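The values are calculated or read from the model by the stated rules, or taken from the named source; none is laboratory data. Source: prediction; values computed, not measured. Here the Cβ positions follow ideal geometry from the backbone for every residue, glycine too, while neighbour counts run over all protein chains shown. The accessibility values were calculated without ligands, DNA or RNA, using every heavy atom of the protein model including side chains. Shrake-Rupley method; radii C 1.70, N 1.55, O 1.52, S 1.80 Å.
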Amino acid sequence: MEEWSHSRTVLIVDDHQGLISLIQRCLSREGFRTAYAHSGQDALTWLSQHHADLLLLDLQLTDMSGEELINQLAQRSLTLPFIVVTGQGDERLAVKMMKRGARDYFIKDSSLIELLPSIVTQTFEQIQQEQRLKLTEETLREERERMAITLSSIVEGVFTTDTRGRLTYMNHMAEEMSGWEQENAIGRSIEEVVRFLHAGVNEEDDHPVTHTLEMGIPLHPLDHYPLFDHTSGERPVVYSVSPLRRSDGSLLGTVLILRDMSERIKLDEERLKASKLESLGLLAGGIAHDFNNLLTSILGNISMTKASVNTRDHLFTFLSEAENASLRARKLTQQLLTFAKGGIPLKKPIALQQVLTESATFALSGSSTHCQFDIPNDLWLVEADNGQIGQVIHNLTVNADQAMLSGGALSITAENITLTSEQAKQQHLPAAGDFIKLKIEDNGCGIAPHALHKIFDPYYSTKPSGSGLGLSTAYSIVKNHHGMITAASVRDQGTTFVIHLPASQTTTAAQQNAPSALPGEGRVLVMDDEESIRLLLGEMLRHLGYDVQCVAEGNEALECYQEAYHTHQPFNAVILDLTVAGGLGGKDTVEQLRKFDPQVKAIVSSGYSNDPVLSRYLTFGFRGVVAKPFRLAELSQVLHQITA
């Protein structure tokens, strides 16, 4: 007898005490525990306080029938296995009880005692097997449920087929990627459901699933292939096919896994675009530095010459044209600087309302295109370079105007939005938070789909006369402000640019006053390695009323400053060029000056720098900044601020 049988309790329900005693002795010898009840009510009372594993049930009791007892047990949610014990002539009733769930039945005759132990034992063995089967089925059901949840949660599309390549399963992502619902796709060929657009991949003989079924080997290519998409036409995917085998090694089918590469390709394109801009920035920064030095000398000398020429003189007209050309060259240099690390924006809290309206209106001067603004008064401030953001709006407005050949309406809207981490990720923004969302929308000719992803590339233009710098400049400026710019377009319907800029934590905008030349007095030390700029700065500062001394590099500046300090003729301000070829530059010079005189009032000047000194000049010990090429008024304003 198995060990489990000793813990089994059999409840005998019969009104014949002699038969009860006989059955008890018989079952006890086999190791079963027994209990008895003389009536149906006694059985119900006993079962309310004890547990039984099996009922031996007489169908004819004194107070109720065996069938009534089973019904009452069911009403009390007590479901017990039972064996019917009946007298002669009750076979039909016994069969009826078998249909009600009885495990077996006995006739009360001489064979009862002989057969009963083995039947009870077999019944318990059958119950145990059923419990094991139920547990196995439950485990399998839970495993299938876990597998289904897992497959429905992963981002890959999973398809399984039989040995004929007929679909047997597909998860939710597979439905989305193929455009088929599982109930309609099951039983169809994999070539019909999963359609590759690459030549030589979708034919029946060359489909990856067909190849794996024939060769019995997995396929894991590294390249991505275009998959037919019911909504967008195609989507790039990487596929993997593996054979499914039984325990004996025979082929059961295949599993095909598809991974959507659309987002990955977009990220790679963003990285490539950023790499292109960085490479161009290195080149542009070097050019801009030298060019700005030249422009500083050209613009300064032209303005000084104009000051000494009568406005009615014919020479004055030529000088004005040269000055205008130099100003246009300065704008081009400013565009080049945005690609360079030295072109870091000089940020301060600004309100965008005025920048948006003035930049767009100026760009549309003389155009048949008119602009419609929807900008709320409570628009948040942004930490931004006023000139650079204005350049972005100017470039986008010019681009929209050129797209509307017969004129039209340009819509510029702005709104405050707060993005969650997931929403920020969708917009390719670095983090969640508060943003200003700008939308510039035209109804022009639109951009062809094949060109849309290239429009922010440097020197790429769809217009024969375009420079290819307008949109790439806008892209670079927005990225340098930790924002993002995207474009959407429908051919012959128009283009929409969307810009997200992080909102400022401050609530007060910096003042935007038009600069004017302010006279001054005191001594100014100028350090610049370009002789022409030293001469020019000397003339400009003397014109403003300052006493000027000029040197070529940092060591000379240190000597002059210390000598003036010791002779009680100190300099009221020092203007230092940031980059000096073969000498001590402005960054190192101001560090040495501060060691000698912590109160030194130094201004940094540069046409370009790889260091973030221009944008964070206070951190490096400077009191002010003036970027080349600068106007006389700008120089005078900075000097007045730090010497007043």
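Quick notes
- For the range 1-106, the solvent-accessible area of protein heavy atoms averages 51 Å² per residue (probe radius 1.4 Å; ligands and nucleic acids excluded).
- For E234, net neighbour charge (Lys/Arg +1, Asp/Glu -1) across residues whose Cβ lies under 14 Å away: 0
- Shape category assigned to the range 1-140 from the gyration tensor of Cα positions, a/c cut at 1.5: rounded
- Cα-based reach from K454 at 22 Å (exclusive), listing lysines while leaving out same-chain residues under 8 positions away: K266, K273, K276, K425, K439, K463, K479
- Protection proxy ranking for 64-74, 241-251, 42-52, using the average of other Cβ atoms within 10 Å per residue and placing the highest first: 64-74, 42-52, 241-251.
- Placing pseudo-labels 7 Å out from each Cα toward the beta carbon at L135 and D313 gives an inter-label distance of 11.0 nm.
- Here's the list of aspartates and glutamates a cross-link from K628 could span, going by alpha-carbon distance under 13 Å and ignoring same-chain residues fewer than 8 apart: D290, D528, E530, D577.
- Modelled spin-label separation between E214 and E563, with each label point placed 7 Å from Cα along the Cα-to-Cβ direction: 9.1 nm.
- Protection proxy ranking, peptides 404-415, 213-224, average beta carbon neighbours within 10 Å, highest first: 404-415, 213-224
- Global geometry of the range 530-644, whether rounded, prolate or oblate, following the gyration tensor of its Cα atoms and the 1.5 cut on a/c: rounded
- Whichever aspartates and glutamates have a C-alpha closer than 12 Å to that of K348, once near sequence neighbours (fewer than 8 apart) are set aside: E383, D385
- For the range 572-617, averaging the sequence separation of C-alpha pairs within contact (under 8 Å, six or more residues apart) and dividing by the residue count gives a relative contact order of 45 percent.
- Sequence ranges 17-23, 447-453, 624-630, 534-540, ranked by mean other-Cβ count within 10 angstrom, highest first: 624-630, 534-540, 17-23, 447-453
- Only Cα pairs under 8 Å and 6+ residues apart enter the sum, and on that basis the relative contact order of the range 115-183 stands at 19 percent.
- Reducing the range 471-511 and the range 390-463 to their Cα centroids gives an inter-centroid distance of 7 Å.
- Oblate is the label for the range 348-477, because a/c, from the alpha-carbon gyration tensor with a ≥ b ≥ c as root eigenvalues, is 1.5 or above and a/b does not exceed b/c.
- Helix-only CD estimate at 222 nm, as mean residue ellipticity for the chain, using -39500 (n - 2.57) per DSSP H run (n ≥ 4): -14000 deg cm²/dmol
- Looking at the chain, the DSSP beta bridges with both ends there are about 60 percent antiparallel.
- Surface composition of the chain: carbon and sulfur atoms hold 50% of the protein heavy-atom accessible area at a 1.4 Å probe.
- Averaged per residue, the range 310-454 has 51 square angstrom of accessible surface, using a 1.4 angstrom probe with ligands and nucleic acids left out.
- For the range 474-613, the per residue solvent-accessible surface stands at 47 Å², with DNA, RNA and ligands left out and a 1.4 Å probe.
- Option label - percent of Cα pairs over 32 Å apart computed here, alternatives (1) 53; (2) 69; (3) 62: (2)
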